[in-house]
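Peer 1: Can you keep this structure in mind? I'll have questions shortly.
The values are calculated or read from the model by the stated rules, or taken from the named source; none is laboratory data. Treat the numbers as computed from the prediction; the structure is a model and nothing was measured. Glycine gets a Cβ as well: all are built from the backbone with ideal geometry, and neighbour counts include every protein chain shown. Heads up: the accessible areas ignore ligands, DNA and RNA and are worked out on the full protein's heavy atoms, side chains in. Shrake-Rupley method; radii C 1.70, N 1.55, O 1.52, S 1.80 Å.
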Amino acid sequence: MYSHLEALLYRSRDAFTSALEEYDEACRRHDSEMDIIRQAFLAKWGQVPWLETYRQMAIRQQKAKNFEQALWWAERGIAVYGNDAARPEAIENLQKRAAAYRAKLRLPPRLSAPKVSQPTHPEIETLVCIACGREFQRVPVRGRKPLHCPECRDQAR
């Protein structure tokens, strides 16, 4: 259940602002129960199946430049798998990540030139509503392009 909840929350990260905070909390709770869950995996299958939680949280922390936490998640995943991983490539992936995070943590902070921000003018894209055929404009963002104009979306609710 935790894995399913985590996947849904992570996919919703662009849809609502609290998704990543809820995702983080779900991962922490999942990990807090992992010792018991691991025992159940071993009792039922004799091995630990692929656990997306540890890889994805390591990546999430890496993107946030929080390499200490990224290392913690990678090492915790390695410990949970132990010698019982159903997919050895999962451990290899976490080991490579952990080595990279350790290397990052040993590096002295880079001194870079101060960034001068250039004034940006957001691009505007014009889309056509599939329901009414009207054109509407929006600032491009990550994710799928809307198929309906704001008026048609409001009417659908």
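Peer 1: Conditions first: (1) out of contact with any strand residue (DSSP E or B) (no Cβ under 6 Å at 6 or more places or on another chain); (2) surrounded by 19 or more Cβ atoms within 10 Å (Cβ to Cβ); (3) hydrophobic (A, V, I, L, M, F, W, C); (4) at pLDDT 90 or above. ALA79 passes all but one, so which condition is the exception?
Peer 2: Unmet for ALA79, out of (1) out of contact with any strand residue (DSSP E or B) (no Cβ under 6 Å at 6 or more places or on another chain); (2) surrounded by 19 or more Cβ atoms within 10 Å (Cβ to Cβ); (3) hydrophobic (A, V, I, L, M, F, W, C); (4) at pLDDT 90 or above: (2).
Peer 1: Next question. Name, by its number, the condition in (1) over 30 Å from ARG144 (Cα atoms); (2) open to solvent by 90 Å² or more (accessible area, probe 1.4 Å); (3) out of contact with any helix residue (DSSP H, G or I) (no Cβ under 7 Å at 6 or more places or on another chain) that does not hold for GLU68.
Peer 2: The failed condition is (3).
Peer 1: Could I ask something else about it? May I ask you to list the residues in region 124-143 that are open to solvent by 60 Å² or more (accessible area, probe 1.4 Å) and either modelled with pLDDT of 85 or more or of a type in the set (A, V, I, L, M, F, W, C) (or both)?
Peer 2: ILE124, THR126, VAL128, ILE130, ALA131, ARG134, GLU135, GLN137, VAL139, VAL141
Peer 1: Going residue by residue through region 63-80, is there one that turns out to be over 19 Å from the mean Cα position of the chain (by Cα), without any contact (Cβ under 8 Å) to a residue 40 or more places away in the chain and under 27 Å from ARG106 (Cβ atoms)?
Peer 2: From region 63-80, those over 19 Å from the mean Cα position of the chain (by Cα) are 79-80; that's our starting set.
Adding the requirement that they be without any contact (Cβ under 8 Å) to a residue 40 or more places away in the chain leaves 79.
Filter once more, keeping what is under 27 Å from ARG106 (Cβ atoms): 79.
Yes, there is a match, as at least one residue in region 63-80 is over 19 Å from the mean Cα position of the chain (by Cα), without any contact (Cβ under 8 Å) to a residue 40 or more places away in the chain and under 27 Å from ARG106 (Cβ atoms).
Peer 1: What's the number of the condition ALA70 fails, among (1) more than 24 Å from ARG142 (Cβ to Cβ); (2) modelled with pLDDT of 90 or more?
Peer 2: In the conditions (1) more than 24 Å from ARG142 (Cβ to Cβ); (2) modelled with pLDDT of 90 or more, ALA70 misses (1) alone.
Peer 1: Looking only at region 2-15, count how many residues are touching a helix residue (DSSP H, G or I) at 6+ places or on another chain (Cβ under 9 Å) and modelled with pLDDT of 75 or more.
Peer 2: 2
Peer 1: Which of the helices (runs of 4 or more DSSP H) contained wholly in region 13-65 include at least 3 residues that are among the aliphatic types (A, V, I, L, M), within 17 Å of GLY82 (Cβ to Cβ) and open to solvent by 20 Å² or more (accessible area, probe 1.4 Å)? Steps first, answer last, please.
Peer 2: Numbers: elements: 19-32, 34-45, 52-63.
Passing ranges, in order: 34-45.
Peer 1: Which one of these does MET34 not meet: (1) modelled with pLDDT of 90 or more; (2) more than 30 Å from VAL141 (Cβ to Cβ); (3) of a type outside the set (Asp, Glu)?
Peer 2: Going through (1) modelled with pLDDT of 90 or more; (2) more than 30 Å from VAL141 (Cβ to Cβ); (3) of a type outside the set (Asp, Glu) one by one, MET34 breaks only (1).
Peer 1: In addition: Please work out which residue is least open to solvent (accessible area, probe 1.4 Å), limiting yourself to region 82-93 and to residues that are under 11 Å from TRP50 (Cβ atoms) and within 20 Å of the chain's Cα centre (by Cα). Walk me through it before giving the result.
Peer 2: Step one: of region 82-93, the residues under 11 Å from TRP50 (Cβ atoms) are 85-91, 93.
Pick out the ones that are also within 20 Å of the chain's Cα centre (by Cα) and you get 89-91, 93.
Working: GLU89: 92, ALA90: 9, ILE91: 26, ASN93: 50 Å².
It comes out as ALA90.
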